Protein chains: 2
Amino acid sequence: MTNKVTDSLSAGTLIEGPEITQSELQLAVRNHSMPLEALQYAITPIGLHYVLTHFDIPAVDPTDWALTVGGRVRHPLRLNVEHLKARPSTTITVTLECAGNGRARLSPRPLSQPWLVEAVGTAEWTGTPLRPLLDEVEPMDDTGDVVFTGLDRGIQGDIEQHYERGLPVEECRRDEILVAYAMNGQPLPPQHGFPVRLIVPGWYGMTHVKWLRAITVLDDRFLGYQQASAYHSRLSDDDPGVPVTRILPRALLVPPGIPDFMSRVRFLGLARHVLSGRAWSGCAPITRVEVSADGGISWTEATLEDSIAPYAWRSWSYVWDPTKPGEYELCVRATDDAGNVQPTAQNWNREGVQNNSVQRVRVVVVESSNQVQAPADRRI
Amino acid sequence: MTNKVTDSLSAGTLIEGPEITQSELQLAVRNHSMPLEALQYAITPIGLHYVLTHFDIPAVDPTDWALTVGGRVRHPLRLNVEHLKARPSTTITVTLECAGNGRARLSPRPLSQPWLVEAVGTAEWTGTPLRPLLDEVEPMDDTGDVVFTGLDRGIQGDIEQHYERGLPVEECRRDEILVAYAMNGQPLPPQHGFPVRLIVPGWYGMTHVKWLRAITVLDDRFLGYQQASAYHSRLSDDDPGVPVTRILPRALLVPPGIPDFMSRVRFLGLARHVLSGRAWSGCAPITRVEVSADGGISWTEATLEDSIAPYAWRSWSYVWDPTKPGEYELCVRATDDAGNVQPTAQNWNREGVQNNSVQRVRVVVVESSNQVQAPADRRI
């Protein structure tokens with residue numbers, strides 16, 4: 001449909017310098033990550049949770065909406081929101097992360113949504129489990145993928161498409177997969193998939209199809225654009241690559257002190273500071289978080305708090321006691337029970353997915369303030 | 001406090017090319033504008049409304065929070081959230097826009113938050129009117145500013161500060177100014193100022209101080225950083241400039257058709273299309289919206305719907321009937337009752353504020369789709 005009229009750079013073009021193109025900026029002003037200070041909340045408030053939308057956010061009239069569950073099944077279903085709410089419901093706390101998180105720190109940088117490190121969020125999702133729904137429609141075979149189709153529509157890779165992703169039938173039978181209609185106890189906000197989305201705990205965000213309109217059982221692998229072309233870790237264009245599935249471990253730090261508006265460099269006094277943050281992995285439980293105050297040369301283990309839920313991030317803290325003023329680079333890295341450790345070097349690939357290299361926060365420790373504008377209520 | 005250790009470019013540095021620096025990207029991934037398709041909602045859902053935070057979003061424990069109303073007053077007050085909620089309450093629908101909206105379209109571009117055109121949103125704000133509060137504390141004189149101090153703290157212009165802004169006492173006596181504790185019927189989300197913020201209908205966003213902790217009456221003009229240095233329209237560094245106050249008119253269009261993921265170019269069929277959007281001005285009611293399909297050469301008047309509230313945007317629509325396939329540049333411009341008209345050229349100034357030049361949306365009209373991936377539920 002595009003007839004190649006777009007003279008902009010295509011998604012995936014490699015950019016050598018650190019400067020961001022206008023195309024990337026257009027995505028960056030629409031989509032947003034979670035400001036790092038929001039790591040303070042175990043459950044991310046609505047509006048702070050990261051959002052990525054490939055196309056436009058559909059405005060859905062719920063009275064017109066229905067979900068079809070069909071394809072190669074014996075008893076297809078058509079359900080409206082009330083039908084879904086009348087089914088058994090579960091609430092689970094899940095950390096979601098965009099597969100492209102960390103992309104803008106790659107060099108060269110594949111052209112796409114330019115995330116730094118904070119495309120993440122944790123919410124309480126309420127919905128009805130997928131498994132009984134699948135049992136009810138009775139797939140004719142267990143060899144194919146189940147495809148989840150959203151209402152969002154656009155063009156990517158020169159292909160006009162609805163956003164859709166597939167999951168093997170056996171993966172769909174995990175108990176904790178939800179057809180979700182509420183987030184943090186409220187109806188889904190439009191940008192998170194109102195009225196209904198998929199939640200697949202442990203997998204990167206592309207799997208959690210929003211504005212769900214159809215669940216379709218195939219007798220084969222699904223080969224749509226977002227499945228077979230996008231979301232692969234490839235070292236070159238010829239590399240068949242590895243499909244992106246579960247979230248690799250990452251730890252993030254609440255940047256301590258106060259920021260400079262433009263540089264975001266942090267300033268803090270010469271004193272003991274309790275550093276804290278959260279760590280997660282979709283592969284296995286987090287078993288260790290380490291902190292470095294020298295840019296990743298030396299590491300010390302942080303204290304992990306108890307896990308709040310199997311697929312939610314885990315809180316950690318670390319007492320940092322800098323002994324002299326100066327500039328420091330704080331880093332944090334997570335290890336999970338499957339032995340995955342965050343790398344200090346970039347995890348480069350052609351599409352810029354799964355770059356879970358460690359966070360680096362530049363801080364300046366100062367003896368005392370030397371130019372402070374006292375707030376008006378203290379000047380009187 | 002900074003001791004000039006930041007080697008990043010300072011806010012306000014002029015950037016010649018269209019490429020966005022890493023400093024700007026750090027702001028762009030934290031703050032976000034309103035995706036243009038959200039113009040469909042008269043009231044912007046939480047999470048889609050634009051957000052700009054100079055420093056960090058404070059996490060406030062409302063049981064610890066209090067608002068002091070003091071300075072040069074006869075009867076200072078200290079109020080908690082319950083005190084505020086026990087006072088008379090009003091709900092008003094207000095369109096807020098960042099003063100820097102449009103900055104990233106300037107050439108050269110002043111370094112700061114790189115907004116394109118959509119740093120806007122409309123919400124129903126509930127709170128208690130400011131005027132009776134001021135009457136109660138009895139300012140000793142009516143010649144100075146009232147300063148609103150937020151809990152957010154950081155460094156800007158090499159000055160450590162709490163975010164704060166002043167308003168002349170007489171302006172504070174407008175009936176519609178609110179000390180607000182709810183947005184769209186819910187407690188303020190953290191990013192919009194929980195627990196309490198100021199709402200000054202008609203003024204750009206910098207005036208609506210979030211995380212309000214103090215209201216302080218001065219006997220003089222307020223000369224804090226965000227008042228005397230920032231938020232001025234200046235042609236050069238020597239220019240004393242004009243302070244930014246009320247919102248200049250702007251109209252925006254819901255981009256029609258479907259987007260290409262990366263370029264955001266829009267594709268639509270050769271047919272009649274009802275274009276729609278919203279227009280607003282903080283200076284006077286919107287009296288006219290015009291649409292151009294040829295990049296601003298010729299203009300035709302759109303149909304305006306009734307206003308929903310004095311300080312809220314106004315809906316408009318326009319039937320566009322392109323007669324042949326090809327590329328078009330859609331533009332829209334607003335005029336208000338004070339005679340302010342959006343310019344087609346950039347409104348350049350040193351800080352990149354108030355650039356309300358007309359929106360430009362690139363669309364491609366096509367005869368029919370030539371490569372469509374049918375969704376899975378239609379392929380079975």
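Neighbour counts of other C-beta atoms within 10 Å: give me A:Lys85, B:Lys210 arranged from fewest to most.
Details: A:Lys85 14, B:Lys210 26.
Fewest to most other Cβ atoms nearby, the residues stand as A:Lys85, B:Lys210.
Relative contact order for region A:250-366 using alpha-carbon pairs under 8 Å, separation at least 6, rounded to a whole percent?
Values: 277 pairs, mean separation 38.1, N = 117.
33 percent.
Let's see if you can work this out: charge +1 on each Lys and Arg Cβ, -1 on each Asp and Glu Cβ, no other charges. What is the dipole magnitude of region B:247-380 about its Cα centre, in debye to the nearest 20?
Values: 14 positive and 14 negative charges, 69 e Å.
Around 340 debye, computed over region B:247-380.
Compute a Gaussian network model of chain B, connecting alpha carbons closer than 10 Å, and tell me which residue from B:Gly339, B:Gly121, B:Gly102 fluctuates the most.
B:Gly339
For B:Ile20, which sequence-distant residues (separation of 5 or more, or a different chain) have an amide H within less than 5 Å of its own amide H, given hydrogens modelled in the peptide plane?
It is A:Ile20, A:Thr21, by chain and number.
With θ taken as phi - 60° and the coefficients 6.51, -1.76 and 1.60, list the Karplus ³J(HN,Hα) couplings across region B:285-293 in order, rounded to whole Hz; mark glycine and proline as x.
Per-residue couplings from phi come out as x, 6, 10, 7, 10, 10, 10, 10, 10 Hz.
Taking other Cβ within 10 Å of each residue's Cβ, how do B:Asp260, A:Asp239 sort, fewest first?
Ascending Cβ contact count within 10 Å gives the list A:Asp239, B:Asp260.
What are the nm distances, shortest first, from B:Thr300 to its equivalents in the other copies, labels at 7 Å along Cα→Cβ?
Values, ascending and in nm: 7.1.
Report, as a whole number in µm² per second, the diffusion coefficient that Stokes-Einstein gives for region B:1-128 at 20 °C and 1.002 mPa s using the Kirkwood radius over alpha carbon pairs. Don't skip to the end; give the middle numbers.
On the way: Rh = 17.9 Å.
The calculation lands on 120 µm²/s.
Rounded to the nearest 0.05, what FRET efficiency do A:Arg221 and A:Val319 have when you use their Cβ-Cβ distance and R0 = 51 Å? Working shown, then result.
Details: r = 50 Å, r/R0 = 0.99.
Between A:Arg221 and A:Val319 the formula returns 0.50.
Given N residues in the protein assembly as shown, what is Rg(Cα) / (2.2 N^0.38 Å)?
Details: Rg = 26.0 Å, N = 760, 2.2 N^0.38 = 27.4 Å.
It is 0.95.
Using the number of other C-beta atoms within 10 angstrom as an exposure proxy, rank B:Asp219, A:Asp56, B:Asp141 with the fewest first.
On the way: B:Asp219 15, A:Asp56 23, B:Asp141 11.
So the ranking, lowest neighbour count to highest, is B:Asp141, B:Asp219, A:Asp56.
Which semi-axes, in whole Å and largest first, does the equivalent ellipsoid of region B:81-158 have when worked out from the alpha carbon gyration tensor as the square roots of 5 times its eigenvalues? List each step's numbers first, then the result.
Values: eigenvalues 217, 75, 31 Å².
Working through the eigenvalues yields semi-axes of 33, 19, 13 Å.
On average, how many beta carbons from a partner chain sit within 10 Å of the beta carbon of a residue in A:158-167?
Values: counts 3, 3, 9, 7, 7, 2, 4, 1, 1, 0.
So the per-residue partner count for this stretch is 4.
For Cα pairs less than 8 Å apart in space and 6+ apart in sequence, what is the mean separation divided by the residue count of chain B, i.e. the relative contact order in percent?
On the way: 916 pairs, mean separation 65.2, N = 380.
Computed value for chain B: 17 percent relative contact order.
For region B:211-240 and region B:63-81, what is the separation of their C-alpha centers, rounded to whole Å?
22 Å
Got a sec? Charge dipole of region B:14-230, +1 on Cβ for Lys and Arg, -1 for Asp and Glu; which of B:Cys172, B:Gln156, B:Thr44 is way out at the positive end?
B:Thr44
For A:Pro243, place a label point 7 Å out from Cα along the Cα→Cβ vector, do the same in each other copy, and report the separations in nm, one decimal, smallest first.
6.1
Putting +1 on Lys and Arg Cβ atoms and -1 on Asp and Glu Cβ atoms, find which of A:Pro249, A:Tyr318, A:Val81 reaches farthest to the positive end of the dipole of chain A.
Going by the charge dipole, the pick is A:Tyr318.
With Rg and the Kirkwood Rh both taken from Cα atoms, where does Rg over Rh land for region A:14-230?
Values: Rg = 17.5 Å, Rh = 18.0 Å.
When Rh is taken as the Kirkwood radius, the ratio is 0.97.
Taking only DSSP H segments of four or more residues, each worth -39500 (n - 2.57), what value at 222 nm results for the protein assembly as shown once the sum is divided by all its residues, to the nearest 500 deg cm²/dmol? Present the calculation step by step, with values, prior to reporting the outcome.
Values: 10 runs with 62 residues, N = 760.
Rounded to the nearest 500, the figure is -2000 deg cm²/dmol.
State the answer as a single residue: which of A:Asn356, A:Thr300, A:Ile258 lies farthest towards the positive end of the charge dipole of region A:250-366, with beta carbon charges of +1 for Lys and Arg and -1 for Asp and Glu, about the Cα centre.
Positive-end residue among those listed: A:Ile258.
If you place +1 on the Cβ of every Lys and Arg, -1 on the Cβ of every Asp and Glu, and leave all else neutral, what size is the dipole of region A:98-144 about its Cα centre, to the nearest 20 Debye? Could you put the intermediate results ahead of the total?
Values: 4 positive and 7 negative charges, 141 e Å.
It comes to approximately 680 debye.
Based on the alpha carbons, how large is the Rg to Rh ratio for region B:250-366 when Rh follows Kirkwood?
Working: Rg = 14.6 Å, Rh = 14.9 Å.
Computed over Cα atoms, the ratio is 0.98.
Only bridges whose two residues both fall in region A:14-230 count here: according to DSSP, what percent of them are antiparallel, nearest 5? List each step's numbers first, then the result.
Values: 39 of 43 bridges.
About 90 percent, rounded to the nearest 5.
Choose one answer from B:Glu136, B:Glu19, B:Glu327: the residue with the largest mean-square fluctuation in a GNM of chain B with alpha-carbon springs under 10 Å.
With Cα springs under 10 Å in chain B, the top fluctuation among B:Glu136, B:Glu19, B:Glu327 is at B:Glu19.
How much of the pair distance distribution for chain B lies past 31 Å, counting alpha-carbon pairs only, in percent? Could the numbers behind the result be given before it?
On the way: 28847 of 72010 pairs.
For chain B, the share of Cα pairs beyond 31 Å comes to 40 percent.
Explain nothing, just the number: relative contact order of region A:184-299, from Cα pairs under 8 Å at least 6 residues apart, as a whole percent. Could you put the intermediate results ahead of the total?
On the way: 121 pairs, mean separation 21.6, N = 116.
Computed over region A:184-299, the figure is 19 percent.
I need the inter-copy label distances for B:Pro88: point set 7 Å along Cα to C-beta, values in nm with one decimal, smallest first.
5.5
Every read-out reported here was derived from the displayed coordinates using simple, explicitly stated rules and does not represent laboratory data. None of the values given here were measured: they were computed from a predicted structure. Counting neighbours? That spans all protein chains shown, and the Cβs are built from the backbone with ideal geometry, glycine included.
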